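The values are calculated or read from the model by the stated rules, or taken from the named source; none is laboratory data. Just so it is clear, the structure is predicted and the values come from calculations on it, not from any experiment. Cβ sites come from the backbone with ideal geometry, for glycine too, and all protein chains shown count toward neighbours.
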């Protein structure tokens, strides 16, 4: 479950359109939460002003921040901001630090950020800051792709129901309850996907005691039954459950595209789901091969590696 009382929207000054702000406004209007609009700025020339007096350096910094605050005002003036909206300019050369520190100070329940539109028609660039937020932020991160506000008619949550690991089970429940919350907010159709690995080649070879087909069938049935029982507990229709063999990034992308998902919800941590080691590649593959927003959730007790 995600209880949204405070929303942090990250502004990208390099873009005219601010899809993340549209999402944030809509979410705030549905939940009654407060909205914080943040733009992080830094001028590299500042590092070259050490020969100036402290007062001159501060004047340089203050003037630049004032200019950027005006730029922020210009960017957001066409949006109908909720009454409980705050805007902030943070001077920080490390955007990730600026975002997570502000989120902590504002007790934000979710961070919303746009992905960067590529010059080609439909492609989006997975930026390093996106990867850092997905991997390290203890607060849920919603990465937004569309300029238009989709209805979130179809929501897909990626779970791991094939084993009895407690960490997996706890994260499954958190992901699914969050997906249910969003489905209620947006009157969405909720789907679950579970990717399970292929049989290793040495095991896949037939032997007198078992055949590949028998083993493969048993594994398929196990994962399908586990997902079905999990979905049953959450009152999710059987035809909205997808247990498929393959790499998580391939299975999740395929299902998301096949059902025309508007929002994908995935978990990430160093112990469950996507590991810190491969989360970047996995998430980048997913982000580059689907055309929907992505919400990442951390397990309870997650401790952020700050750097």
If you go through segment 127-176 one residue at a time, how many are farther than 23 Å from residue 303 by Cβ and within 12 Å of the chain's Cα centre (by Cα)?
3
Residue count, segment 29-42 (criterion: under 17 Å from residue 140 (Cα atoms) and buried (at least 22 other Cβ atoms within 10 Å of the Cβ)):
4
Hey, could you check segment 85-103 for residues that are out of contact with any strand residue (DSSP E or B) (no Cβ under 7 Å at 6 or more places or on another chain) and in contact (Cβ under 8 Å) with a residue 12 or more places away in the chain and say which is surrounded by the fewest Cβ atoms within 10 Å (Cβ to Cβ)?
93
List every residue pair whose Cβ atoms sit under 7 Å apart, with the two residues 6 or more apart in sequence or on different chains, where the first one lies in segment 212-224 and is on the phi < 0 side of the Ramachandran plot and the second, anywhere, is exposed (fewer than 15 other Cβ atoms within 10 Å of the Cβ) and part of a helix (DSSP H, G or I).
212/204
For segment 110-168, the count of residues that are assigned to a helix (DSSP H, G or I) and either at pLDDT 85 or above or not assigned by TED's automatic domain parsing to the domain that holds residue 241 (or both) equals 9
